[in-house]
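No value in this document is a laboratory result; all are computed from the given coordinates. Owing to the predicted nature of the structure, the values given are computational and were not obtained by experimental measurement. Cβ: placed from backbone, ideal geometry, glycine included. Neighbour counts: every protein chain shown.
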Amino acid sequence: MKFCIIGLGSFGTHLARQLSRDGHEIIAVDNDPGHIHALKDEIEYLIQADCTDIDAFHEIPIDACDVVIVAIGKDFEASLSVTSNVQQLGAKRIISRIVNPLHGRILKLLKIDELLIPEAMAAAWLARSLNTPDVIARLELGSGYEIAQILVPQALVGVALQDLELRSRYDLNLVTIGKSRGTVTLSSTRHPIGKVLGIPQPARAFELDDVLVLFGLAKDVRRMMADHGVKA
């Protein structure tokens, strides 16, 4: 996918780097030459421009981007102006960072529905990580279902998959098993799985560095973990 990120402060810079590492094409824009310089060896398409001026977009291919992310974090008026300009130019999809509730309400009036507060998202993620440290990641699918990556409970090391009876006892499906990379800090963007083992075989016994990728209801994932001595 092609992303345009406008605003290369701390959040915009980290986002640009991560999306680039994930293989996406990034157009990164900021009016501060220092922010542009900081990414010169990592992002191919860097543009120094003041996007509060709609004329600045003559070199920014907004219509060719799948998503435009307005990542400006401090300047309330600049964020509104840039978002309005991007909308006027016909962006396919706009995601805007908001700095306070009033900012969000005004963007809603502009029909911008995808709003984010990075600090709140980071705090929620950290709280979940601290509450359930054995759940590495989860993707909520709706109606209570999720795909969860969990460290194998210590009590299951040496137990065969077929003996765990995930489907009959917990109504869970084991999608695959990954091998953990080891300790990953909370600030790391590195994926915790270093190797994927493919389709799990029923007779395979769980090993200490296994990461289980489970599909099912969130409450059933937590129940299975609790039954095997893991706080969930």
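Data overview
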item	result
Helix 218-227 axis, angle to the chain major axis (alpha carbon atoms, nearest 10°)	40
Stokes-Einstein D in µm²/s, Kirkwood radius over Cα pairs - the range 23-78 at 20 °C with 1.002 mPa s viscosity	175
Karplus (6.51, -1.76, 1.60) ³J(HN,Hα), θ = phi - 60°, over the range 164-177, in Hz, Gly and Pro reported as x	6, 6, 4, 6, 6, 8, 10, 6, 10, 10, 8, 6, 6, 10
Neighbourhood net charge (10 Å Cβ-Cβ; Lys/Arg +1, Asp/Glu -1) for Val157	-3
Shape box of the range 2-117 [Cα atoms, principal axes, largest first, Å]	38, 25, 25
Angle in degrees between helix 10-21 and the longest Cα principal axis of the chain, rounded to the nearest 10	60
Interatomic Cα distance distribution for the chain, bins of 10 angstrom, percent	7, 27, 25, 20, 16, 6, 0
Free-standing Cys, the chain [no other Cys Cβ under 4.7 Å]	Cys51
Excluding exposed DSSP-loop GluC sites (Glu not before Pro) (at most 12 other C-beta within 10 Å), longest clean stretch of the chain	45-164
Considering only the chain, percent of DSSP beta bridges that pair antiparallel, nearest 5	55
